[in-house]
Amino acid sequence: MRRLIPLCLVLTLACMPKGKHDQIVGQMSDEIAALQANIAEKEAAMASLQTSSAAEQMRLTSDAQTEQARLQGEVDSLTAELESTRDSLARAVSGRSARDAELARMREAVAELERRKAKADAALAEFRDLVGRFQSMIDAGTLRVRVIDGRMVVELATDILFPPGRATVSEDGQAALVEVTGVLASLAGRQFQVAGHTDNRPIATEKFPSNWELGAARAIAVTKLMIDNGLSDTRVSGVSYGDTKPAATNDTDEGRALNRRIEIVIVPDLSEMPGYDELSALTSSAE
């Protein structure tokens, strides 16, 4: 019968585009209107039979009432199915909105990963370029290029740069630092921090009461030499860590030699770090 709409049709209505759904709902509404018009026509026919015999009139009235009840039942059934279809469509639209929001979130996450990968690729390329430019000095054992805590570091042993217990750069050390400075100065937009490190053997001279002073004096000496050889003084600074950040054990001569070092840290550009925009906005709002 017309009032029975297959379950698959209802499910299909819930998943179809809104325009198609509206078309079908409109057709169902037209059918309901036609049925209601049919009822009205039957009622009019009943009125026209008022002049018939009482028995015939009663029979016709009974038939009309039966037909009216049948048609009304069909109208009620179609109305209920129409409301059910509308509810299903509403749920489908709501679900689609949630899926669209999740899809947008996932696309943004992918875009962020692509941005981070691009930055990582650029950092890797920069590191490889730096290693390539220092390769001859690396092969000679003069320096190492490392990544420490996410930062590129050019590391030179102080045994090459300084006589024991002193902070005056040797001739060989000066030649090495001139070459290093030329390479670093060509890295546009980069700043550098020269860090002095010592082993844990105590020093207590009038000039260097502790390893802190010795590390600081050596860092300053390297910084000044780099400035004298063309690196802008706005791009370089010095700091001392003394013996607080050993690179190896202090229990062996080899380990202590590795700990006596100068590290030239290539300072990261904060604007390239993840979350920089959010941090910058937070800082601005706090001012």
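The values are calculated or read from the model by the stated rules, or taken from the named source; none is laboratory data. Given the structure is predicted, the values throughout are model-derived calculations rather than measurements. Cβ atoms come from the backbone with ideal geometry, glycine included; neighbour counts cover every protein chain shown.
Observations on the model:
- A Cβ distance below 8 Å, combined with a sequence gap of six or more or placement on separate chains, defines the contacts here; from the stretch 96-108, residues that are on the phi < 0 side of the Ramachandran plot reach no residue that is assigned to a helix (DSSP H, G or I) and charged (D, E, K, R).
- Only listed residue being basic (Lys, Arg), at pLDDT 75 or above, in the same structural domain as ILE264 (by TED's automatic domain parsing) and over 24 Å from the mean Cα position of the chain (by Cα), chosen from ARG151, ARG144: ARG144
- Residue check for ALA118: farther than 30 Å from TYR241 by Cα and not assigned by TED's automatic domain parsing to the domain that holds THR168: yes
- The residue list LEU177, LEU184, LEU258 contains one member that is in contact with a Leu (Cβ under 6 Å, 6 or more places away or on another chain), closer than 25 Å to PHE127 by Cβ, outside any loop (DSSP other than H, G, I, E, B) and touching a residue at least 24 places away in the same chain (Cβ under 8 Å), which is LEU177.
- Sole residue being closer than 26 Å to LEU130 by Cβ and loosely packed, with under 15 Cβ neighbours inside 10 Å, chosen from ALA188, ALA204, ALA221, ALA195: ALA188
- Any hit, the stretch 103-111, residues being under 30 Å from LEU187 (Cα atoms), loosely packed, with under 11 Cβ neighbours inside 10 Å and modelled with pLDDT of 70 or more: yes
- Residues of the stretch 188-201 satisfying the condition of being in a loop (DSSP other than H, G, I, E, B) and touching a strand residue (DSSP E or B) at 6+ places or on another chain (Cβ under 7 Å): ARG190, THR198
- Flag for VAL169 being of a type in the set (A, V, I, L, M), part of a loop (DSSP other than H, G, I, E, B) and within 30 Å of ALA216 (Cβ to Cβ): yes
- Meets criteria (touching a residue at least 12 places away in the same chain (Cβ under 8 Å), assigned to a helix (DSSP H, G or I), outside the structural domain of ASN229 (by TED's automatic domain parsing) and out of contact with any Gly (no Cβ under 6 Å at 6 or more places or on another chain)) for GLU126: yes
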